[in-house]
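K.L.:
Here you go, one structure.
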Amino acid sequence: MISIKNLHKSFGHINVLKGINIEVAQGEVLVIVGPSGSGKSTVLRCINRLEVPTSGTVIVDGLDIMDKSTDINFVRSEATMVFQHFNLFPHMTVLDNITLGPIKVKKMSKAEAEKLGMGLLSKVGLADKAKNYPDQLSGGQKQRVAIARSLALRPKAILFDEPTSALDPELVGEVLEVMKNLATEGMTMVVVTHEMGFAQEVADRVIFIDEGVVQVDKPPKEFFINPEHPRLKDFLGKVIVHG
Amino acid sequence: MAFNFEPKVMIESVPMLLKGAELTIYLTVGGLFFGFILGAFFGLLKLSRSWIIRKCAGVYIETIRGTPMLVQAMFLYFGLPMALGFRIPAMVAGIIIIAINSGAYIAEIVRGAVQSINPGQMEAGRTIGLNAMQTMRYIIWPQAFRRMVPPLGNQFIISLKDTSLLMIIGVGELLRTGDEIVAVNFRAFEVYLTCGLIYLCMTMSIAKCLRIIEKRLQMRGKA
């Protein structure tokens, strides 16, 4: 589904990614963890070319994102992203936020898109907020709307960039709940997060990125129970104390 | 020589002055209409990724902002005909002057408003598969436009006052009309005072409308 080979990314003369290799299979939930500044968000942003890789190849559902003939807008709607700061469109109602993509990108009729949108809002438990504006919602509600907005494109994969990091602690649960349901339904997900509980419970594989390379790539059981890698041990020691 | 204030002169001059004020409004509205188009165009050029395009827009903006409007008006109306062999009608020249002038300022307003929108909005638009133009049209522009309203209103008031400079090229707007009345009755005090009051009425009405529009825009969906 997603195949990243020897991905490098530098910002000016700072090399953030130094040869990343990751494979994500259809229906797989991959969680990426790592210290801040390790480049995990950059990996995610390279997958749908919000960040242009310096070198390497990224293939999403058979399409090479670096190939000039690839319709990058199409790739983005197939592997869409949920952001840390939600980035809802503040001038549109919740429902319009969700239907914009289907109407403009997937050329769906307005009625059809709204039906789809209402269905997705019920799914994330926010059907009663359809006519509200984003600034009338809590952080957790905003993020659930953002997830519904992504789902409205019927994507093949969703990339989550620290989806709960900007939320008050009591609102994290409702967002993780929605994500768990998606995982159960078989959605391909790549999740950058600090929620180790979520990783343990939901992930098929957990990846530890540090210093611009993948240091560990294992199923969650092995990843958490027996971390041999010294830097991972150190990292887990720090986060799990807080978690 | 004792000065005699004659309020009657003020009242008598009002009907003619209002005719002039009508032209002032046409000049302002016409000029700003084209000024907004110019401003939106050059403002977006200023945001281009290509430095050459940005530079072109910059040259326009700097030239207009860096020269007096009076000089521009006289050059366009008296200077240019020497080269072209014909003179554009004064009213048209007036609208052109207001348009290119306000356009330069509006370009900066547009650029500033678009740049003030969180880059996350562009990314969110792109990530749902919209292309750059669509994201601009459906997401960035509507939000930027709201932020442009207060400075655009300000520009409206400035342009309205600027139209008085167009008396120099013989456009019969408010001040020119006043000037012509004074030439006949020599009551400069009363007539110019009346002109000033009419300008004030117009600018205050615009300010009032703006406050209403701003309130309306604030009511739905900000943050």
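K.L.:
So which pairs qualify, if the first residue must be in the range A:76-91 and more than 7 Å from chain B (Cβ to nearest Cβ) and open to solvent by 20 Å² or more (accessible area, probe 1.4 Å), the second must be part of a loop (DSSP other than H, G, I, E, B) and of a type in the set (Ser, Thr, Tyr), the Cβ gap must be under 9 Å, and the two must be at least 6 apart or on different chains?
P.N.:
A:84/A:164; A:84/A:165
K.L.:
Every residue in the range A:30-53 that is touching a residue at least 60 places away in the same chain (Cβ under 8 Å) and open to solvent by 20 Å² or more (accessible area, probe 1.4 Å), please.
P.N.:
Hits for the range A:30-53 are A:35, A:41, A:45.
K.L.:
Taking the range B:134-190, which residues are small (Gly, Ala, Ser), more than 14 Å from chain A (Cβ to nearest Cβ) and free of Cβ contacts under 8 Å to residues at least 60 places away in the same chain?
P.N.:
B:183, B:188 - these are the residues of the range B:134-190 that are small (Gly, Ala, Ser), more than 14 Å from chain A (Cβ to nearest Cβ) and free of Cβ contacts under 8 Å to residues at least 60 places away in the same chain.
K.L.:
Looking at A:62, A:27, A:56, can you tell me which residue is open to solvent by 10 Å² or more (accessible area, probe 1.4 Å), touching a His at 6+ places or on another chain (Cβ under 6 Å), away from chain B (no Cβ under 13 Å) and not polar (S, T, N, Q)?
P.N.:
Step by step, each of A:62, A:27, A:56 is checked, and only A:56 is open to solvent by 10 Å² or more (accessible area, probe 1.4 Å), touching a His at 6+ places or on another chain (Cβ under 6 Å), away from chain B (no Cβ under 13 Å) and not polar (S, T, N, Q).
K.L.:
Out of the range B:149-192, which residues are β-branched (Val, Ile, Thr) and under 15 Å from the mean Cα position of the chain (by Cα)?
P.N.:
Those that are β-branched (Val, Ile, Thr) and under 15 Å from the mean Cα position of the chain (by Cα): B:149, B:157, B:158, B:163.
K.L.:
If you don't mind, another one. Can you pull out the residues in the range A:101-153 that are buried (at least 23 other Cβ atoms within 10 Å of the Cβ), away from every other protein chain (no Cβ under 14 Å) and more than 24 Å from residue A:167 (Cα to Cα)?
P.N.:
none
K.L.:
What pairs come out if I take residues in the range B:35-60 that are assigned to a helix (DSSP H, G or I) and pair them with residues that are hydroxyl-bearing (Ser, Thr, Tyr) whose C-beta lies under 6 Å away, six or more apart or interchain?
P.N.:
B:35/B:102; B:42/B:60; B:54/B:48
K.L.:
Out of B:171, B:191, I need the residue that is among the hydrophobic types (A, V, I, L, M, F, W, C), in contact with a Leu (Cβ under 9 Å, 6 or more places away or on another chain), open to solvent by less than 60 Å² (accessible area, probe 1.4 Å) and in a loop (DSSP other than H, G, I, E, B). Which one?
P.N.:
B:171
K.L.:
Determine, yes or no, whether residue B:17 is within 22 Å of residue B:163 (Cα to Cα), surrounded by 16 or more Cβ atoms within 10 Å (Cβ to Cβ) and under 13 Å from the mean Cα position of the chain (by Cα).
P.N.:
When the stated conditions are applied, residue B:17 does not pass them.
K.L.:
Residues in the range B:80-92: is at least one touching a Cys at 6+ places or on another chain (Cβ under 7 Å), in contact (Cβ under 8 Å) with a residue 60 or more places away in the chain and part of a helix (DSSP H, G or I)?
P.N.:
No.
K.L.:
Give me the residue from the range B:106-121 that is of a type outside the set (Val, Ile, Thr) and more than 9 Å from chain A (Cβ to nearest Cβ) and, out of that set, surrounded by the most Cβ atoms within 10 Å (Cβ to Cβ).
P.N.:
Checked the range B:106-121; the qualifying residue surrounded by the most Cβ atoms within 10 Å (Cβ to Cβ) is B:107.
K.L.:
Would you check if there is a residue in the range A:177-186 being among the β-branched types (Val, Ile, Thr) and more than 15 Å from the chain's Cα centre (by Cα)?
P.N.:
Yes, that holds for at least one residue.
K.L.:
Exactly one condition in (1) in contact with a Gly (Cβ under 7 Å, 6 or more places away or on another chain); (2) hydrophobic (A, V, I, L, M, F, W, C); (3) more than 10 Å from every other protein chain (Cβ to nearest Cβ) is false for residue B:128; which is it?
P.N.:
Failing condition for residue B:128: (3).
K.L.:
In the range B:146-166, is there at least one residue being modelled with pLDDT under 95, closer than 26 Å to residue A:96 by Cα and open to solvent by 80 Å² or more (accessible area, probe 1.4 Å)?
P.N.:
yes
The values are calculated or read from the model by the stated rules, or taken from the named source; none is laboratory data. Remember, it's a predicted structure, so these values are computed and weren't measured experimentally. Because the Cβ atoms are built from the backbone with ideal geometry, glycine has one as well, and the counts that use them run over all protein chains shown. SASA here: full protein model, heavy atoms, side chains in, ligands and nucleic acids out. Shrake-Rupley method; radii C 1.70, N 1.55, O 1.52, S 1.80 Å.
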